[in-house]
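Trainee: Before I ask anything, here is the structure I am working with.
A short reminder: the numbers here are calculations on the coordinates, not readings from a lab. None of the values given here were measured: they were computed from a predicted structure. Cβ: placed from backbone, ideal geometry, glycine included. Neighbour counts: every protein chain shown.
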């Protein structure tokens, strides 16, 4: 027994290794539903730090009990258990194969035998491992050193009240309160580290910046993490710095192109502040409409052919001119402003 938050803790680990087994009722109706449940559970246990979720190393595995029954019948069919499935892909494939195997046996007049089976991913099939009857065949007997553990409803409610906001709850809040898409909400909450980073940055940027912040985290930020094999906590760009970068994009100081240059410089550790990076790299966006108009006039004068083509109805020439203007402005012109002025001049 050990003291655990003012309570008595009992070590029920197996040879020093904890095992958490979750058994569901037989209420899943498809392989897709079973995989969705397993993925949700995987996110939960990794989120809470219960395990690392490494399926290849056995930290998280699934056993699938599969049975079929004719449409309209309420009685469950005889089940077969497929053991030790160590990927979501294998889980889905094994269930689909096993269900079809049982259907073919029944349609041929056969009977399903209750048994334990293994899934062979190379041949995409299940094969018999051992027959399995009822629990008494396992010769279960009570361990005298492990008395039954009785948990009071009051204690359960106390724990429930102290639980942190879980991924599913965060996803609902992100979509309802922050206006994020379901995809963005699910992706941001796939790991505790990414969620913590997002919420820390959001506290600095403000809730109205949630969507552009999410776009950056799921785009350039995630790509850089994957490239350098880093976690969000190991990012060289602190959450507050990311928030500052997003703000400069929103207020027009940076466009998407120059913002990526700033991001790369910050990631490399060349600067510790966004504004210092903008100044140091000479990336201040040209906000003076007169200066932008002058650049546009010079480009139009240098490319009379595309100007004539656009006025004759060739839309592609407009994009060419925009590209030339942005090149002349070294990427520092506001694209929206360029489009607006250029359209007015070509009208």
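Trainee: Over the chain, with a Gaussian network built from C-alpha contacts below 10 Å, which listed residue (242, 163, 55) shows the highest mean-square fluctuation?
Mentor: 163
Trainee: Further question: Just the number, please: percent antiparallel of the DSSP beta bridges in region 20-136, rounded to the nearest 5.
Mentor: Antiparallel bridges: around 75 percent, rounded to the nearest 5.
Trainee: With each run of n ≥ 4 DSSP H residues scored as -39500 (n - 2.57), what mean residue ellipticity at 222 nm is computed for the chain after dividing by its residue count and rounding to the nearest 500 deg cm²/dmol?
Mentor: -15000 deg cm²/dmol
Trainee: When all alpha-carbon pairs of region 117-219 are counted, what percent fall beyond 17 Å?
Mentor: 70
Trainee: R0 = 22 Å: FRET efficiency of residue 88 with residue 226, Cβ-based, nearest 0.05?
Mentor: About 0.65, to the nearest 0.05.
Trainee: Once the Cβ-Cβ distance between residue 312 and residue 339 is put in as r, and R0 is 25 Å, what FRET efficiency do you end up with, to the nearest 0.05?
Mentor: 0.80
Trainee: While we're here: Compute the separation of the alpha-carbon centres of region 156-235 and region 26-61 and state it in Å as a whole number.
Mentor: 20
Trainee: With each pseudo-label sitting 7 Å past Cα toward Cβ, what's the residue 37-residue 124 distance in nm, one decimal?
Mentor: Between residue 37 and residue 124, the simple spin-label model gives 2.5 nm.
Trainee: Report the Cα centroid-to-centroid distance between region 285-322 and region 89-120 in angstrom, as an integer.
Mentor: 66
Trainee: Order these by the 10 Å Cβ neighbour count, fewest first: 216, 267.
Mentor: Fewest to most other Cβ atoms nearby, the residues stand as 267, 216.
Trainee: Return one number: the angle in degrees, 0 to 90 and rounded to the nearest 10, between the long axis of the Cα atoms of helix 239-250 and the longest principal axis of the Cα atoms of the chain.
Mentor: With rounding to tens, the tilt is 50 degrees.
Trainee: I would also like to ask the following. Grab the Cα-Cα distance for residue 111 and residue 23, subtract it from 0.36 nm times how many residues apart they are, and report the gain in nm with one decimal.
Mentor: 29.1 nm
Trainee: With springs only between Cα atoms under 10 Å, which of 48, 213, 149 fluctuates most in a Gaussian network model of the chain?
Mentor: 149
Trainee: Could you calculate the contour length gain from residue 251 to residue 103, that is, 0.36 nm times the residue separation minus the distance between their Cα atoms, to one decimal place in nm?
Mentor: 47.1 nm
Trainee: What are the extents of the Cα atoms of region 25-79 along their three principal axes, listed from largest to smallest and rounded to whole Å?
Mentor: 42, 18, 16
Trainee: I want to verify a result. In a Gaussian network model of the chain, Cα cutoff 10 Å, which of these has the top mean-square fluctuation: 165, 157, 21?
Mentor: Residue with maximal mean-square fluctuation among 165, 157, 21: 157.
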